[in-house]
Amino acid sequence: MPIPLIGLLLVTPALIIVLLLFIVPLFSSVTGAFDVDGSFGLGNFQKAFELYSSDMIFTVVIVLLSTFLIGLFSIAIGGYLTLGSNPRAVAILRWLYRWPLFVPFIVVGQILRTFLAKNGLMNSMLVEGGILTAAQTVSFLDWRGIVIAFVWKQTPFVTLLLSGAMASLDRSMIESARNLGASRTRILIEIILPQVLPTLLVGLILSFVTMMSVLSVPLMINAQSPTMITASMAFRINAYGDYGVANALGFISLLITSAAAWIYLRQTMKERA
Amino acid sequence: MNAYLEIASTRVRYGEVEVLKGIDLSVGKGEFVALLGSSGCGKTTLLRTIAGFNTPTAGTIRVDGRDVTRQPPDKRGMALVFQSYALWPHMTVDQNIGYGLKLRRMPARDASARVAEMKSLLGLDALGQRKPGALSGGQRQRVALGRALAVNPDILLLDEPLSNLDARIRLTVRHEISALQRRLGITAVHVTHDREEAMVMADRIVILDGGKIAQTGTPQEVYNQPNSDFVAAFMGAENILDVDVVARGDSMEIAAGPHSLRATVHRPGQAAFTGKAIARFRSESIGVADASDDTLGTKSGGLLLKGIVEQVSYPGGLWRHVIHLGDNSVIVDAERRFEQGAQVHLRVPEDRLYIFPAHRA
């Protein structure tokens, strides 16, 4: 048998699996979004926008806000890991910051639900500490809770990538800036950050896509409207068996993540060039 | 000499290892000092300690009488040029050179004038908008130098700045740097492992060995009057003979061996001693003659050796001979060629022969 044919034969099982488990379901979901009672139409999208346009805005705003905060925190943590002058504090932080990576989203939602509720642990501590009175306490179980959960869970992931990139910079670049009198903040912003920006961007985009797909956190923390697209999709299917609108919502969130993926691809292409 | 930079009994340790074991060194204003040594001798550690990147466990560092031992790097009036140049790849040449001025809040117009001055000083005029990635090694090196000089430091510290350059460029950059240093009258401390580089560039050479200063002196002093076996070897006296010596006043008598005649050498600067010794000499300035020719034997002074030519080569200028003296062999350069297998006599002039007590048993 000619060699190219053997090669083709060898990749066939993998190709079939990708085709059956990934391409076909994706395709049927996309076509399902345009399927109105057996014929092509935009009815599902019309309905999706009528009922859930506030959810779409809510989702995009929440995920963008979380992405922004994750960026800030990971720059701060990565910066301290690279520039911190107290070796013990650096070691403790290095050990501590990765923990949330190993906690599933559903558990994060559950932990924060008991922590952030009106009678939750956070408010009890504040009341016990005399900082707030019981009347002043508020529940954080709304959009703020989702943002806190996302940032809590995704910051370590971006920090992991970012601090690796920072650590691989030539130390003498930092020392030469110190030698000329740059403060640590300036070194972080003017010397280190510009050089790790591509890594930060990649980490944030991967986080963005992950957060777009999380169902458990909005279900656990935000039991009200508006909520995230994922929760609306689940509701559409579980409550009404309405796959058409669920598919349309799925297609819309696919468009949003595709925009992020496009930025990601452009970035990796630029790095290779 | 008035000390401008003064390092007193300075010790530095990395964890368990003491890298600098008590360094005393003073550098005059406007002087160019080279710290010379093989890798691991502590020369870069000493430079980084002067710069403020290492804190000594003991000792003090003073600049112009001011104690800077605990001062941060930027409060010492020093600028360091790194071995890797450490240019910031996301900034242009202008931004790299001007960064120190920006940190000092110099008004933008003054700063760009200063950057332009640095560029013309270093021949970088046309390259202001380039990024370091688009520069050659020599150009990067000059940008690093410009960045250090732009802030007008009192002391310029150079950490093997030429070691990443091509051999040919290195030779010209050596002269460029020392000419620039003399023109600006700046005090400079230069770290290198290259003997010739140190000799050509520096006013004074400090040879380090195992975290201690082995010898300090002008290039001529350390070359012609090495004070230890280590320095003699480091300065290129690679030919070794084991000899027995007897002190005779301020002279030493070398006992005759199977391949050498008895000789008396006069040592003005060195205490005479008796016992086993190592004699070292360079391959240059050695008299060579055929054994049948006794012109060498009639001259007095120095050490006369008898050997057989084992190998001849022509590295350029002089003929290089490997000569066997029994089990031992030495390398000797001569103006004419002696054939392989020829019996020859060698005369090492008195002032080219370095004798030190043998520590190696």
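Name the residue that is farthest from the other protein chains (Cβ to nearest Cβ), counting only residues in region A:206-227 that are of a type in the set (V, I, T) and surrounded by 20 or more Cβ atoms within 10 Å (Cβ to Cβ). So that I can check it myself, show each step before the final result.
Kept after step one, since they are of a type in the set (V, I, T), are these residues of region A:206-227: A:209-210, A:214, A:217, A:221, A:227.
From what is left, the residues that are surrounded by 20 or more Cβ atoms within 10 Å (Cβ to Cβ) are A:214, A:217, A:221, A:227.
Values: A:V214: 35, A:V217: 37, A:I221: 40, A:T227: 42 Å.
Going through the qualifying residues, I end up with A:T227.
Note on region B:86-116: residues that are more than 10 Å from chain A (Cβ to nearest Cβ) and polar (S, T, N, Q) total 2. The residue that is farthest from B:E238 (Cα to Cα), counting only those in region B:312-354 that are aromatic (F, W, Y) and in a strand (DSSP E or B), is B:Y314. The set of residues in region A:166-205 that are more than 9 Å from every other protein chain (Cβ to nearest Cβ) and not hydrophobic (A, V, I, L, M, F, W, C) comprises A:S168, A:R184, A:T185, A:P198, A:T199, A:G203.
Taken together, the residues in region A:45-69 that are among the polar types (S, T, N, Q), more than 13 Å from A:P218 (Cα to Cα) and more than 11 Å from the chain's Cα centre (by Cα) amount to 3. Can you work out which of the residues in region B:75-85 that are in contact (Cβ under 8 Å) with a residue 24 or more places away in the chain and farther than 30 Å from A:P198 by Cα is farthest from the other protein chains (Cβ to nearest Cβ)? Result: B:G77. With the condition kept exactly as written, say whether any residue in region B:58-67 is in contact with a helix residue (DSSP H, G or I) (Cβ under 9 Å, 6 or more places away or on another chain) and either within 14 Å of chain A (Cβ to nearest Cβ) or in a loop (DSSP other than H, G, I, E, B) (or both). Checked against the condition, which is being in contact with a helix residue (DSSP H, G or I) (Cβ under 9 Å, 6 or more places away or on another chain) and either within 14 Å of chain A (Cβ to nearest Cβ) or in a loop (DSSP other than H, G, I, E, B) (or both), region B:58-67 yields no hits at all.
Only residues that are exposed (fewer than 15 other Cβ atoms within 10 Å of the Cβ) and assigned to a helix (DSSP H, G or I) were counted across region A:50-93, and they come to 15.
Do we have B:R48 as part of a strand (DSSP E or B) and over 16 Å from B:Q215 (Cβ atoms) here? When the stated conditions are applied, B:R48 does not pass them. If A:A149 satisfies every condition in (1) of a type in the set (G, A, S); (2) closer than 24 Å to A:S74 by Cα; (3) more than 23 Å from the chain's Cα centre (by Cα) but one, which is the exception? Of everything listed in (1) of a type in the set (G, A, S); (2) closer than 24 Å to A:S74 by Cα; (3) more than 23 Å from the chain's Cα centre (by Cα), A:A149 misses just condition (3).
Let's see how each residue does on (1) buried (at least 17 other Cβ atoms within 10 Å of the Cβ); (2) within 34 Å of the chain's Cα centre (by Cα); (3) not assigned by TED's automatic domain parsing to the domain that holds B:I186:
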| site | (1), (2), (3) |
| --- | --- |
| B:P72 | no, yes, no |
| B:K75 | no, yes, no |
| B:F82 | yes, yes, no |
| B:A86 | yes, yes, no |
| B:N96 | yes, yes, no |
| B:A111 | yes, no, no |
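When region B:144-184 is filtered for residues that are at positive phi and in contact with a His (Cβ under 9 Å, 6 or more places away or on another chain), only B:E160 remains.
Looking across region A:98-127, the residues that are in contact (Cβ under 8 Å) with a residue 60 or more places away in the chain and over 18 Å from A:T210 (Cβ atoms) come down to A:Q110, A:R113, A:L116. When B:A144, B:A134 are checked against the criterion of being exposed (fewer than 14 other Cβ atoms within 10 Å of the Cβ) and small (G, A, S), a single residue qualifies: B:A134. If you filter region B:21-43 down to residues that are among the aliphatic types (A, V, I, L, M) and touching a Ser or Thr at 6+ places or on another chain (Cβ under 8 Å), you find that the one that is nearest to B:M235 (Cα to Cα) is B:L36. Considering each residue of region B:165-189, count those that are surrounded by fewer than 13 Cβ atoms within 10 Å (Cβ to Cβ) and not in a helix (DSSP H, G or I), and give that number. Of the residues in region B:165-189, 2 are surrounded by fewer than 13 Cβ atoms within 10 Å (Cβ to Cβ) and not in a helix (DSSP H, G or I). Residue check: A:P194 meets all listed conditions (1) part of a helix (DSSP H, G or I); (2) touching a helix residue (DSSP H, G or I) at 6+ places or on another chain (Cβ under 8 Å) but one, namely (2).
Checked against the criteria, A:V138 does not count as in contact with a Phe, Trp or Tyr (Cβ under 7 Å, 6 or more places away or on another chain) and more than 13 Å from chain B (Cβ to nearest Cβ). Scanning region B:192-214 for residues that are within 11 Å of the chain's Cα centre (by Cα) and assigned to a strand (DSSP E or B) turns up B:T192, B:R204, B:I205, B:V206, B:I207, B:L208. When region A:1-51 is limited to residues that are in contact with a Phe, Trp or Tyr (Cβ under 8 Å, 6 or more places away or on another chain) and not hydrophobic (A, V, I, L, M, F, W, C), the one that is nearest to A:R236 (Cα to Cα) turns out to be A:N44. Return yes when B:I7 is hydrophobic (A, V, I, L, M, F, W, C), under 24 Å from B:D194 (Cβ atoms), away from every other protein chain (no Cβ under 14 Å) and in a strand (DSSP E or B) and no when it is not. Considered against the rule, which asks whether it is hydrophobic (A, V, I, L, M, F, W, C), under 24 Å from B:D194 (Cβ atoms), away from every other protein chain (no Cβ under 14 Å) and in a strand (DSSP E or B), B:I7 comes out as yes. Within region A:109-138, being part of a loop (DSSP other than H, G, I, E, B), crowded, with 16+ Cβ neighbours inside 10 Å and small (G, A, S) holds for A:A117, A:G120. Checking B:I331, B:I323 one by one, the residue that is surrounded by 15 or more Cβ atoms within 10 Å (Cβ to Cβ), farther than 25 Å from B:S228 by Cβ and not assigned by TED's automatic domain parsing to the domain that holds B:Y223 is B:I323 and no other.
Residues of region A:222-273 that are modelled with pLDDT of 90 or more, within 19 Å of A:I146 (Cβ to Cβ) and touching a Gly at 6+ places or on another chain (Cβ under 7 Å): A:M233 alone.
The values are calculated or read from the model by the stated rules, or taken from the named source; none is laboratory data. These numbers were taken from a predicted model, which means no experiment stands behind them. Here the Cβ is made from the backbone with ideal geometry for all residues, glycine too, and neighbour counts use every protein chain on show.
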